[in-house]
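First up is the structure itself, then whatever we jot down about it.
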Amino acid sequence: MADFRLKIISPDGVFFDGEAHELSLRSIDGDVAIMAGHIPYLTAVGIGECRVYTGEGGGTVRRAACCGGLLNVTKEGVFLAPTTFEWAEDIDRERAEAAKQKALARIESPKSSAEKKLAQIKLQRAELRIKISQQ
């Protein structure tokens, strides 16, 4: 199977710029996998695991926590612009655990419904980061 050009760029910098065999991630409509020859596609990114498959036959897999942003597939390549993106090896597990506890506390006694909603999103993100860092 052929490879395609993939760029992953967030406000924090360039995370990947090269050839990939497959990209899988969570969109706002569910999980999606992109391979060479995919039809043009544009979607908002959800909160979930991102996997980048590279190397011969996609034998090398890098995992990341990916939250929000945009995925754009064109005939020229694939562009992922996440709001936040962390490779598994870069996740600070203790910091993620602390964020989880803080979010849980805010959910228990929110000052407003908006604060509760924000805390629920932060809890999702923290739990994702913990999950990705464990595997």
Legend entry - Restricting segment 1-25 to residues that are buried (at least 16 other Cβ atoms within 10 Å of the Cβ) and farther than 16 Å from Val61 by Cα, the residue that is modelled with the lowest pLDDT: Ser10
Inset, instruction - Hey, could you check segment 102-118 for residues that are over 16 Å from Gly46 (Cα atoms) and surrounded by 12 or more Cβ atoms within 10 Å (Cβ to Cβ) and say which is nearest to the chain's Cα centre (by Cα)? - result: Ala103
Inset, instruction - Look through Glu76, Glu49, Glu94 and report the one residue that is surrounded by 12 or more Cβ atoms within 10 Å (Cβ to Cβ) and either more than 13 Å from the chain's Cα centre (by Cα) or among the acidic types (Asp, Glu) (or both). - result: Glu49
Inset, instruction - Could you tell me whether any residue of segment 106-123 is touching a residue at least 40 places away in the same chain (Cβ under 8 Å), outside the structural domain of Leu23 (by TED's automatic domain parsing) and not hydroxyl-bearing (Ser, Thr, Tyr)? - result: yes
Inset, instruction - Confirm whether Glu19 is free of Cβ contacts under 8 Å to residues at least 12 places away in the same chain and either out of contact with any His (no Cβ under 7 Å at 6 or more places or on another chain) or among the hydrophobic types (A, V, I, L, M, F, W, C) (or both). - result: no
Legend entry - Candidates Lys122, Lys102 - the one that is under 15 Å from Gly68 (Cβ atoms), at pLDDT 90 or above and of a type outside the set (Phe, Trp, Tyr): Lys122
Legend entry - segment 52-73, residues that are farther than 21 Å from Gly13 by Cα, without any contact (Cβ under 8 Å) to a residue 40 or more places away in the chain and either of a type in the set (Gly, Ala, Ser) or surrounded by 16 or more Cβ atoms within 10 Å (Cβ to Cβ) (or both): Gly55, Gly59
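The values are calculated or read from the model by the stated rules, or taken from the named source; none is laboratory data. Quick caveat, the model's predicted, so the values are computed rather than measured. Cβ sites come from the backbone with ideal geometry, for glycine too, and all protein chains shown count toward neighbours.
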